[in-house]
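The values are calculated or read from the model by the stated rules, or taken from the named source; none is laboratory data. It should be emphasised that the depicted structure is a prediction, and the values quoted were computed from it without experimental measurement. Backbone-built Cβ (ideal geometry, glycine too); neighbour counts: all protein chains shown.
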Amino acid sequence: MFSRKKTEVVITKIPYTPPMTKSVLVCLHGWGGSGESFTELHQALAGSGIEILTPDLPGFGAEPEPAKPWCVDDYAKWVEAWVKEHAADSPIQLLGHSHGGRVAIKIAVNGNLKIDHLYLCAAAGIPHRRRMRRAVGFFLAKIGRFLLSPFGSTFAAGGKKLLYKLFRVHDFENASVVMRETMIKVSGEDLRPILHDINVPTDIFWGTEDTMTPVADAKVMHEAIEGSVLHLYPGVRHRVHRDRTREIAAIIIERSRIS
């Protein structure tokens, strides 16, 4: 008789791994910019599996300006509606530069969107005398037009432009009345009281030579936002999202793996 050898069958259980959902990164540009300002970030994140959405905010790029002057809350509500339309109910990562940063802060605090991670790049939201000077300059230029009008329209227009230059409000000169008043409203809003209400993981990127939003603002935000990570880049000015794109993209990719 032939003896049969027993064949031992080993069954290995492979744990089920749910399919990965595509990570969506929504980027909000600064004042006077557009979605185009994230071109370098698009390139740096290519092949990472992260879908990047860069809407033009109302009044910039291809997006029409609002019918009346807006505040930060108005921009936040608009972005929330835009994201719900274009990203459905997907959790998102949210990045904001300068003015887009102040809008991102409001959105994070509102809690109307599911945000996995927040990135603030030289974010606005803390008023400074320089910005107040711009608002005063606009006001003086506005009333100066009427004060100088008896001397003729050419003289009045020239006097208004001179006041713009004296107070360094060049971006007011070519803006509509609605956008000028919008700039005054958003620039004057102090977001420091709500920073501690941000309860999503946050990375803060800042250039040490930024003169638009000084590096002191970065430290205030870092102190107020619990668990936030501050990344400082020596010699970099306000365009930190463009001048340090690769470093920022690497951190976004790493955070996407964690979340």
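Look through segment 215-239, keep the residues that are touching a His at 6+ places or on another chain (Cβ under 8 Å) and buried (at least 18 other Cβ atoms within 10 Å of the Cβ), and return whichever of them is nearest to Ala44 (Cα to Cα).
Here the residue is Ser228.
If you scan segment 9-45, which residues turn out to be modelled with pLDDT of 95 or more and part of a loop (DSSP other than H, G, I, E, B)?
Of everything in segment 9-45, those that are modelled with pLDDT of 95 or more and part of a loop (DSSP other than H, G, I, E, B) turn out to be His29, Gly30, Ser34, Leu45.
Please work out which residue is nearest to Gly100 (Cα to Cα), limiting yourself to segment 226-244 and to residues that are in contact with an Asp or Glu (Cβ under 9 Å, 6 or more places away or on another chain) and of a type in the set (A, V, I, L, M).
Ranking the candidates gives Val240 first.
Would you pick out the residues in segment 192-220 that are under 17 Å from Leu95 (Cα atoms), assigned to a loop (DSSP other than H, G, I, E, B) and not β-branched (Val, Ile, Thr)?
Within segment 192-220, Asn199, Pro201 qualify.
So, Ser98, is that one closer than 24 Å to Asp210 by Cα and in contact (Cβ under 8 Å) with a residue 24 or more places away in the chain or not? So that I can check it myself, show each step before the final result.
On the way: closer than 24 Å to Asp210 by Cα: yes; in contact (Cβ under 8 Å) with a residue 24 or more places away in the chain: yes.
Answer is yes for this residue.
Consider only pairs whose beta carbons are under 7 Å apart and that are at least six residues apart or on different chains; among these, list those whose first residue lies in segment 174-185 and is within 14 Å of Asp74 (Cβ to Cβ) and whose second residue is among the acidic types (Asp, Glu) and not in a helix (DSSP H, G or I).
Within 7 Å, the pairs are Val178/Glu65; Met179/Glu65.
Can you find a residue in segment 121-130 that is closer than 27 Å to Thr208 by Cβ, modelled with pLDDT of 50 or more and among the β-branched types (Val, Ile, Thr)? Let's see the steps before the verdict.
Looking only at segment 121-130, we keep the residues that are closer than 27 Å to Thr208 by Cβ, and these are 121-130.
Checking the rest, the ones that are also modelled with pLDDT of 50 or more come to 121-130.
From what is left, the residues that are among the β-branched types (Val, Ile, Thr) are 126.
Taking every residue of segment 121-130 in turn, at least one turns out to be closer than 27 Å to Thr208 by Cβ, modelled with pLDDT of 50 or more and among the β-branched types (Val, Ile, Thr).
Can you pull out every residue in segment 67-104 that is crowded, with 23+ Cβ neighbours inside 10 Å and on the phi > 0 side of the Ramachandran plot?
Within segment 67-104, Ser98 is the sole residue that qualifies.
Which condition breaks for Ile107 when tested against (1) closer than 24 Å to Ile225 by Cα; (2) buried (at least 17 other Cβ atoms within 10 Å of the Cβ); (3) at pLDDT below 95?
Ile107 satisfies every listed condition except (3).
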